[in-house]
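The values are calculated or read from the model by the stated rules, or taken from the named source; none is laboratory data. Predicted model, so just to flag it, every value in this text is computed and none were measured. Glycine gets a Cβ as well: all are built from the backbone with ideal geometry, and neighbour counts include every protein chain shown. Note: accessible area is taken over every heavy atom of the protein model, side chains too, but ligands, DNA and RNA are not part of it. Shrake-Rupley method; radii C 1.70, N 1.55, O 1.52, S 1.80 Å.
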Amino acid sequence: MIDIHNNPWLGLESYQENQIIYGRNEEISDLAQRALNDVDTVLYGKSGIGKTSIINAGVLPIARQNGYIPVVIRLDHANSKKYIGQIRTLIEGVAQVKEKVKAKDPTNELLWEYLHRYEFLCNGERCKLLIIFAQFE
């Protein structure tokens, strides 16, 4: 019988940030390097191959070690709140937001406008956000 409590393989469950993921060091290193050095990175593949686990248990700790503040965004399509509102709530949960430029039309603000007209602060200093859209179907 398999001891599920001491088994390092989670099966279809995703690894979380505080867990050790085995056998994916090369993929983690490659993805982390791309995510931290490129403007945008897209990770896609079949369901169940470990994309979320690599991000959670691999990329997020590396990002934190390199001074990034990860913000994992999983949009709730059933939520009556607009997507931009959901994104703002998650970002403002980890960073203080300081307005640099007034909005032309705050009720119809685009994500690009939001990210460029504010300064994001952590402990009073400008912080580097790593924004991850998860399960972006």
Checklist line | Of residues in the stretch 50-74 being assigned to a loop (DSSP other than H, G, I, E, B) and under 29 Å from Glu125 (Cβ atoms), the one most open to solvent (accessible area, probe 1.4 Å) | finding: Arg74
Margin query: I need a count of the residues in the stretch 1-49 that are at pLDDT 85 or above, surrounded by 10 or more Cβ atoms within 10 Å (Cβ to Cβ) and either of a type outside the set (Val, Ile, Thr) or more than 19 Å from the chain's Cα centre (by Cα) (or both).
Written below: 12
Margin query: I'm checking my understanding of the structure. Among residues of the stretch 90-137 that are modelled with pLDDT under 95 and among the aromatic types (Phe, Trp, Tyr), which one is least open to solvent (accessible area, probe 1.4 Å)?
Written below: Tyr114
Notebook entry, point to check: Quick one: what pairs do we get from the stretch 71-89, first residue modelled with pLDDT of 90 or more, second among the acidic types (Asp, Glu), C-beta under 7 Å, 6+ apart or different chains?
Noted result: Ile84/Glu109; Gln86/Asp76
Check: Looking at (1) free of Cβ contacts under 8 Å to residues at least 12 places away in the same chain; (2) farther than 30 Å from Gln19 by Cα, which is the one condition that is false for Arg64?
Finding: (2)
Note to self: Whether any residue in the stretch 106-114 is in contact with a helix residue (DSSP H, G or I) (Cβ under 7 Å, 6 or more places away or on another chain) and in contact (Cβ under 8 Å) with a residue 40 or more places away in the chain is what I want to check.
What the structure shows: no
